[in-house]
Protein chains: 2
Amino acid sequence: MRLVIARCSVDYAGRLQAHLPLATRLLIHKNDGSLLVHSDGGSYKPLNWMSPPCTLTVHEPDDDQRDAGVTELWRVTHAKTADMLVVSIYETLHDTAHELGVDPGLQKDGVEAHLQKLLAEQIELAGDGYTLVRREYMTAIGPVDILARDAVGASVAIEIKRRGGIDGVEQLTRYLELMNRDPLLAPVAGIFAAQEITPQARTLAEDRGIRCLLLDYDAMRGIDDGVPRLF
Amino acid sequence: MRLVIARCSVDYAGRLQAHLPLATRLLIHKNDGSLLVHSDGGSYKPLNWMSPPCTLTVHEPDDDQRDAGVTELWRVTHAKTADMLVVSIYETLHDTAHELGVDPGLQKDGVEAHLQKLLAEQIELAGDGYTLVRREYMTAIGPVDILARDAVGASVAIEIKRRGGIDGVEQLTRYLELMNRDPLLAPVAGIFAAQEITPQARTLAEDRGIRCLLLDYDAMRGIDDGVPRLF
DNA sequence: AGTTAGATTTCGTCA
DNA sequence: TGACGAAGTCTAACT
């Protein structure tokens, strides 16, 4: 990994065209050839970048560029697409290289998969007398998060989201349309379960006879596991 | 901006919990307090990070941690949520600070907005005798990309995507349902226009009587502007 | 390899 | 300020 702090301007041409005016920025040239251009603020997204696989070549500026103050040109071209990134360097303030090695990678835990697991274990949260049929119940157009039965044995399809938006309701609607054509399952009721549900999604769901269920992740987790929070 | 190369492990607790085993990584501490943890590969997304507003505090390791080889603890806490990131530093290989100043920001050009502008200008691509009513035609559930009239004056709603997927068809369907309830507009036909359309989206659209239109961005741009590509 | 759905998404825009 | 759609999205899972 090579780290360069430089006064530079950047031009990108590919799926769109973009330009960064002259300013001091951090350039990260990774071992896989990729290049990130970061400013001293904003989120984790670089101002501009080139994803691997790509290659960086350094060029001499032409006369016009040299007159304008450019000392070096970095050209990063993508290996497959025609995307190109050109960094015009006016002044290099810092330049170091470092050997990092391969990273073992991130270990994740939690989120929607966890919510699904928790609700499957605590299916009575969906309604008194509810029983679990199975998680990831497969249909022709994809898996329904949870298939359950209510107190009198009628089928209930449950769609789980962290944040419930209109698209989630649409998704559940498609599942319900399909499943209600299956005489072995029909009639199938729907429950839209999420930590948060947008007002639009709630309106749409209720308009279609789908019940909304707000999930309290912390409470569900607190019941489920005795593992204390790390911090 | 402070750049540190260090052997470290990282723990994150917030909307999920995650852990990074001991390895050599780049730590970027930006001026707004945010911290990025990058490896020497992958895309522009860091292995882990904390978004602003947040603050970093440095702590001494406790006895157990010191015995394990930890020399320093970085604790980054988010100002509003309870999110926390803890970096356990075992060895610092590089540590520099740099003054970058405020970045003037990215100037973009192109993409879906451009496609919409081009199709509005070349509305005859949608069909012979078509005329533009207006772009971003407002409805109660959001703006339709383009409202046009066909050769005999009937309304046509056009949804434009760069990549046409099922969600785009759903979106257009919602608009059409709504607009067809308006006696001043009805009947409203639909056109789903995109550079690429997935087979699933095409099938769904045609099943609902929505016509699909493939857009050739380069050809449309070639007709529109005489500006040559920069590279 | 292609497709789909989720993301600690981030980023813009508009009501 | 909140909500919604787009992104040069990225990423993982599944076909």
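A few notes on this one:
- Taken across the range A:68-90, residues that are of a type in the set (D, E), surrounded by 13 or more Cβ atoms within 10 Å (Cβ to Cβ) and either within 30 Å of A:L184 (Cβ to Cβ) or in the same structural domain as A:I191 (by TED's automatic domain parsing) (or both) do not occur at all.
- For the range B:140-171, the set of residues classified as among the basic types (K, R) and modelled with pLDDT of 85 or more consists of B:R149 only.
- Complete set of residues in the range A:22-38 that are out of contact with any Gly (no Cβ under 8 Å at 6 or more places or on another chain) and either within 16 Å of DNA strand C (Cβ to nearest atom) or modelled with pLDDT of 95 or more (or both): A:R25, A:L26, A:L27, A:I28, A:H29, A:L35, A:L36, A:V37, A:H38
- Residue selected from the range A:108-123 under the condition away from chain B (no Cβ under 13 Å) and within 23 Å of the chain's Cα centre (by Cα), by the criterion nearest to DNA strand C (Cβ to nearest atom): A:Q116
- Evaluated against (1) modelled with pLDDT of 95 or more; (2) within 16 Å of DNA strand D (Cβ to nearest atom); (3) in a strand (DSSP E or B), B:P46 falls short on exactly one condition, (3).
- Where a residue in the range B:94-107 is more than 7 Å from chain A (Cβ to nearest Cβ) and closer than 13 Å to B:L26 by Cα and its partner, wherever it lies, is of a type in the set (V, I, T) and assigned to a strand (DSSP E or B), with Cβ under 9 Å and at least six apart: B:D95/B:V4; B:D95/B:I5
- Of residues in the range B:160-192 being over 28 Å from the mean Cα position of the chain (by Cα), closer than 20 Å to B:R135 by Cβ and aliphatic (A, V, I, L, M), the one surrounded by the fewest Cβ atoms within 10 Å (Cβ to Cβ): B:L184
- Note on the range B:54-85: among residues that are within 11 Å of chain A (Cβ to nearest Cβ) and not in a strand (DSSP E or B), the one that is modelled with the highest pLDDT is B:D83.
- Annotation note: Cβ proximity below 7 Å between a residue of the range A:1-13 that is facing chain B (nearest Cβ under 9 Å) and within 26 Å of A:G101 (Cβ to Cβ) and a residue that is assigned to a strand (DSSP E or B) and among the β-branched types (V, I, T) (sequence gap 6+ or interchain) occurs for A:M1/A:I28; A:L3/A:I28; A:L3/A:T96; A:I5/A:T24.
- Any hit, the range A:92-107, residues being part of a strand (DSSP E or B), surrounded by fewer than 13 Cβ atoms within 10 Å (Cβ to Cβ) and within 20 Å of the chain's Cα centre (by Cα): yes
- Scan the range A:18-33 for residues that are assigned to a loop (DSSP other than H, G, I, E, B) and more than 7 Å from chain B (Cβ to nearest Cβ) and the total you get is 1.
- Qualifying positions in the range B:5-31 - among the charged types (D, E, K, R) and away from DNA strand D (no atom under 16 Å from the Cβ): B:R7, B:D11, B:K30
- On inspection, B:A157 fails the criterion of being more than 14 Å from chain A (Cβ to nearest Cβ), closer than 17 Å to B:Q195 by Cβ, away from DNA strand C (no atom under 16 Å from the Cβ) and crowded, with 16+ Cβ neighbours inside 10 Å.
- All conditions but one from (1) farther than 11 Å from B:C8 by Cβ; (2) within 15 Å of DNA strand C (Cβ to nearest atom) apply to B:D64; the one that does not is (2).
- Residue count for the range B:131-168, restricted to those that are away from DNA strand D (no atom under 16 Å from the Cβ) and assigned to a strand (DSSP E or B): 8
- Pairing residues of the range A:39-52 that are free of Cβ contacts under 8 Å to residues at least 60 places away in the same chain and more than 7 Å from chain B (Cβ to nearest Cβ) with residues that are surrounded by 16 or more Cβ atoms within 10 Å (Cβ to Cβ) and not in a loop (DSSP other than H, G, I, E, B), at Cβ distances under 6 Å and at least 6 apart in sequence or on separate chains, gives A:M50/A:L35; A:M50/A:V76; A:M50/A:L85.
The values are calculated or read from the model by the stated rules, or taken from the named source; none is laboratory data. As the structure is a prediction and not an experimental result, all values here were calculated from the model. FYI the Cβ positions are ideal-geometry reconstructions off the backbone, even for glycines, and counts take in every protein chain you see.
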